[in-house]
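The values are calculated or read from the model by the stated rules, or taken from the named source; none is laboratory data. Fair warning: this is a prediction, and the values are worked out from it, not measured in the lab. Don't worry about glycine lacking a Cβ; one is built from the backbone with ideal geometry, like all the others, and counts go over all protein chains shown. Surface accessibility is based on the protein's heavy atoms, side chains included, excluding ligands, DNA and RNA. Shrake-Rupley method; radii C 1.70, N 1.55, O 1.52, S 1.80 Å.
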Amino acid sequence: MPMRLLRAPLTWIAVAVLVVGAATALYWFQPWKLVTDTEVHEELVAVPSAVASAVPSTGSAGPSRPATPSPTPAGPVLLGGGEFVSHEHDTRGAARIVRTADGRHRLELVGLDTSNGPDLQVWLTDQPVRTGPSGWRVFDDGRHVALGPLKGNRGDQAYEIPAGTDLAGLTSVSIWCERFAVSFGAAALTTAG
């Protein structure tokens, strides 16, 4: 009886469908990523915690002159940042936007710790960060700027923000899973200062 079953065309069709289905499921869900980590340790910009306003000394006890506006700092400047909140997966760490000394902008993820997953992207978005399931799927509803694939699910990493990007209104960053259209975690970018 078993040999007859192996010779039946329907048996081979069923086996082929099962193999194709299993291969598709493995490709789509990539379950091994739930138990593997990719650590990244890129150098982050050293940003002064506060910029002291320098008032030139007159060197005399005479009347004080009004302070002149200070020029834009020559070094790197922290423009904004915030802490990650968990969405579909537990996510910890911080995000910050830095203007470098040469005027470029970059997003830095500091101490990121999240799950690995398929097709994870780093997005700057105009959507508010909400906790709970109501905040998981909102980041593709409005304006977003894709900065590239997530380099690693753990550690410090930096992403160049394309020149000419209008940062006005981009108030959050999301670790976005393109494949399932869901946020693993997000951080509100509050203005520094």
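Can you give me the solvent accessible area of Asp126 with a 1.4 Å probe, rounded to the nearest 10 Å²?
Accessible area, nearest 10 Å²: 60 Å².
Tell me the GluC sites (Glu not before Pro) within the stretch 75-167 that lie in a loop according to DSSP and have at most 15 other beta-carbon atoms within 10 Å.
In loop regions of the stretch 75-167 (DSSP not H, G, I, E or B), there are no sparsely surrounded GluC sites (Glu not before Pro).
Largest first, how would Arg92, Arg99 line up by accessible area (1.4 Å probe)?
Details: Arg92 135, Arg99 60 Å².
Correct descending sequence by accessible area is Arg92, Arg99.
From the phi of every residue in the stretch 113-123, what ³J(HN,Hα) in whole Hz does the Karplus formula 6.51 cos²θ - 1.76 cosθ + 1.60 yield, where θ is phi - 60° and glycine or proline is x?
Karplus values, whole Hz, x for Gly and Pro: 8, 9, 7, 7, x, x, 6, 7, 10, 10, 10.
What list of ³J(HN,Hα) couplings, whole Hz, do you get for the stretch 172-183 from phi and the Karplus terms 6.51, -1.76, 1.60, once you set θ to phi - 60° and write x for glycine and proline?
Result, rounded to whole Hz: 8, 10, 10, 8, 9, 8, 4, 4, 10, 6, 8, 8.
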